[in-house]
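Readers should treat all values here as calculations from the given coordinates under stated rules, not as data from a laboratory. Since we're looking at a predicted model, the values are computed, not measured. All Cβ positions, glycine included, derive from the backbone under ideal geometry; neighbour counts span all protein chains shown.
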Amino acid sequence: MGFKKEPLFNQSVKFIEVIFQKAPIFRYNIFMDKDSKDLLKKQIEDEISSATRQIEALEEKTKPISPDCSLGRLTRLEAMGESHVANKTLDNARLRLTRLKNALQRIDTPSFGICIDCDEPIDINRLKLRPESVRCVACENEQNR
Ligand SMILES: [Zn+2]
């Protein structure tokens, strides 16, 4: 004797984990419990509203400068330069908003928090930092190379 059999419960948990991790259709982020998911959801909603406000402010800034506007020449050039920068920021903000909205739609699906490239769970701290992430750090770096 001396052989200690693992409790049945542990065995079942392991079995379920194996099933979930091996079968792609069942893949989900086992590191994410309901509480962190709820927090993440709240965070995404907050970020969506702040991104929306940011976009509205930027849209105001990037309105075309009318040619008969009574600005001096230099001021006009400055204004155009500023508007160019604001346009870039606006594009990024819009892209981020789209990604955040996608994340909110996906958060209750099993694929949320799973890297689209390697099928591994994305680190929870990365998701807290950038909940719109669809790739793990390694795959994101690979993508940006
Ligand atoms: Zn990955």
Dipole magnitude of the stretch 85-141 about its Cα centre (Cβ charges: Lys, Arg +1; Asp, Glu -1), debye to nearest 20: 380 debye
Cα gyration tensor category, rounded, prolate or oblate, for the stretch 29-111 with a/c compared to 1.5: prolate
Test item: Cα-centred dipole of the stretch 29-111, Lys/Arg +1 and Asp/Glu -1 on Cβ, debye: 200 debye
Distance violations [Cα-Cα > 32 Å] among Lys34/Lys63; Lys63/Lys128; Lys63/Lys101; Lys34/Lys88; Lys34/Lys61; Lys37/Lys63: Lys34/Lys63; Lys63/Lys128; Lys34/Lys88; Lys34/Lys61; Lys37/Lys63
